[in-house]
Amino acid sequence: MWKLLRCLAPAALLALGAGAASADSSKSYEIVDGGIPASLTGKPGDPAAGEEAMLNRKLGNCLACHAVTKLKNHPFHGEIGPALDGVADRYSEAQLRLILVNAKQVFDGTMMPAFYKSEGFTRVMDSFAGKSILTAKQVEDVLSYLSTFKEH
Amino acid sequence: MAFTTTVKRSVVGGVALALAGLGISASLAQDEESGRTNLPSIEGEKLLTRLKSPQGHPLKWVVSGFEFRTRDTQALQLDDFSNPAFLWVERGEEAWSTAEGEAGKSCESCHGDVEDSMKGVRAKMPKWSTDKNRPMPLEDKINQCRKERMGAEPWKWESDQMLGMTALIGLQSRGMPVNVNLEAGDMMAWWERGQKLYYTRMGQLDLACANCHEDNNGKYIRADLLSQGQTNGFPTYRLKWQKLGSLHRRFKGCMDQVRAKAYKRGSDEFVALEVYTAWRGSGLSVETPAVRQ
């Protein structure tokens, strides 16, 4: 069972004009069995860039809500979501990709923002209108870093 | 009143000293009704910072933002000489008796002693105005007097004058229970509008007030310990702002955080949200001017 989601092209053009603050969300992706099997960029991500995007408060800011033992040298880990240690043991890469792209498709009514969604919000600030929090590349980068969160 | 104008501090030095001092002058009081010890108090005035919610309330306990702050921050609030907000209270006291505008009147000309005439006023805000056919926050009430009775220019919402006056008037209700009257006029319609806003997810982060302040209070979001987002301490001195700030400034800050286009200070939306959030904090002691991180 799968669904096809499409995000429209104009958002990408807008994002280019507006500088680096936020991302385009122009590419379509396929959800297959509760995950997104294919890379959003067609390429594997860069784990070092992923770590940076996770930490950056203007990008993933994942530590706002999650604790990560690996990143203990960075202060102030939030308590809103579960700790991410061992998360790659619990989910497949495809599932993790969908959690990042739009966690609401996986956890009904969750607090976790959709990181690769650019439309369908209420009263978005002008500077972020039509943009997603992360770019396709940044999603893949974060994902490649998350894939190293293994305990077994 | 705990603080008197006879004690003056130098503006900068006073705050620095106060911050360094951190002496807790608060005594631990006992609350007869709940039998609870450790109620904070300021100059002998007890503050009720936690109470069991009435039936139908969305929270089990109604808890003041005070309880979520560190001891150091609490200590600043519990000692009027350490609390930097009193610099604004002093300004408010001065303005209270200064004649301004075409009518040549001051607040004092009509209201007399602030300690008597303004006692309990803040606890009931926002209050229904039959005249304006809407609820009015304290800021609007003050500007109504300035315009209609004094013939003076209205103050800007976030100006030092307005903050000083709302702090001074708010202080006269300190320790009294928040008690907004929803039976007057169309207050319930405004309450409902506020409730709707409170539960609406907004911005690129797609979060509602309730996500943070109802579902997750007591948890850390990065370095911040989430409170219930209660309004009983406003205007509040925020260490991060290094300034006193209005409730609507705080609302805006929360909307900015989720990357939502904030409403304007004094807008119908923020007034509705103020009516609703004040109701959520019913029974908490007014703490104006509180200190937060």
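Applying the criterion of being in a helix (DSSP H, G or I) and free of Cβ contacts under 8 Å to residues at least 12 places away in the same chain to the residues of region B:182-191, the residue that is nearest to B:ALA262 (Cα to Cα) is B:ALA189. The residue list A:ASN73, A:ASN61, A:ASN102, A:ASN56 contains one member that is over 25 Å from A:PHE121 (Cα atoms) and at pLDDT 95 or above, which is A:ASN73. With respect to the conditions (1) more than 17 Å from A:ILE31 (Cβ to Cβ); (2) open to solvent by 10 Å² or more (accessible area, probe 1.4 Å); (3) touching a Phe, Trp or Tyr at 6+ places or on another chain (Cβ under 9 Å), A:ASN102 falls short on a single one, namely (1). Going residue by residue through region B:223-246, is there one that turns out to be at positive phi, within 9 Å of another protein chain (Cβ to nearest Cβ) and surrounded by 17 or more Cβ atoms within 10 Å (Cβ to Cβ)? Checked region B:223-246: no residue is at positive phi, within 9 Å of another protein chain (Cβ to nearest Cβ) and surrounded by 17 or more Cβ atoms within 10 Å (Cβ to Cβ). Screening B:PRO135 against (1) within 20 Å of B:ILE169 (Cβ to Cβ); (2) outside any strand (DSSP E or B) leaves a single unmet condition, (2).
Listed residues A:GLY109, A:GLY81, A:GLY42; which is without any contact (Cβ under 8 Å) to a residue 60 or more places away in the chain, part of a loop (DSSP other than H, G, I, E, B), more than 13 Å from chain B (Cβ to nearest Cβ) and surrounded by fewer than 22 Cβ atoms within 10 Å (Cβ to Cβ)? Step by step, each of A:GLY109, A:GLY81, A:GLY42 is checked, and only A:GLY42 is without any contact (Cβ under 8 Å) to a residue 60 or more places away in the chain, part of a loop (DSSP other than H, G, I, E, B), more than 13 Å from chain B (Cβ to nearest Cβ) and surrounded by fewer than 22 Cβ atoms within 10 Å (Cβ to Cβ).
Annotation note: Cβ proximity below 7 Å between a residue of region B:145-169 that is open to solvent by 20 Å² or more (accessible area, probe 1.4 Å) and a residue that is hydroxyl-bearing (Ser, Thr, Tyr) (sequence gap 6+ or interchain) occurs for B:TRP157/B:SER246; B:GLU158/B:SER246. If only residues of region A:97-106 that are out of contact with any Pro (no Cβ under 9 Å at 6 or more places or on another chain) and touching a residue at least 60 places away in the same chain (Cβ under 8 Å) are counted, the one that is farthest from the other protein chains (Cβ to nearest Cβ) is A:LEU98. For A:ILE31, state whether it is touching a residue at least 12 places away in the same chain (Cβ under 8 Å) and either within 14 Å of another protein chain (Cβ to nearest Cβ) or part of a helix (DSSP H, G or I) (or both). Answer is no for this residue. Output the number of residues of region B:259-293 satisfying the condition of being in contact with a helix residue (DSSP H, G or I) (Cβ under 9 Å, 6 or more places away or on another chain) and open to solvent by 10 Å² or more (accessible area, probe 1.4 Å). Number of matching residues: 15. Tell me, yes or no, whether region B:193-207 has at least one residue that is more than 10 Å from chain A (Cβ to nearest Cβ), within 15 Å of B:ALA272 (Cβ to Cβ) and assigned to a loop (DSSP other than H, G, I, E, B). Within region B:193-207 (the criterion being more than 10 Å from chain A (Cβ to nearest Cβ), within 15 Å of B:ALA272 (Cβ to Cβ) and assigned to a loop (DSSP other than H, G, I, E, B)), the answer is yes, since at least one residue qualifies. The residues of region A:122-138 that are open to solvent by 40 Å² or more (accessible area, probe 1.4 Å) and either within 11 Å of another protein chain (Cβ to nearest Cβ) or hydroxyl-bearing (Ser, Thr, Tyr) (or both), listed by number, are A:THR122, A:ARG123, A:MET125, A:ASP126, A:SER127, A:ALA129.
Do we find that B:ALA95 is part of a helix (DSSP H, G or I), open to solvent by less than 60 Å² (accessible area, probe 1.4 Å) and at pLDDT 95 or above in this structure? In short, yes.
Which of the residues belonging to region B:107-126 are surrounded by fewer than 20 Cβ atoms within 10 Å (Cβ to Cβ) and either touching a strand residue (DSSP E or B) at 6+ places or on another chain (Cβ under 7 Å) or not in a loop (DSSP other than H, G, I, E, B) (or both)? Hits for region B:107-126 are B:GLU108, B:SER109, B:CYS110, B:HIS111, B:GLU115, B:ASP116, B:SER117, B:LYS124.
The values are calculated or read from the model by the stated rules, or taken from the named source; none is laboratory data. Bear in mind the structure is a predicted one, so any value in this text is a computation, not a measurement. No Cβ is skipped: glycine too gets one built from the backbone with ideal geometry, and neighbour counts run over all protein chains shown. For the accessible areas, the whole protein counts, side chains as well, though only heavy atoms, and no ligand, DNA or RNA atoms are used. Shrake-Rupley method; radii C 1.70, N 1.55, O 1.52, S 1.80 Å.
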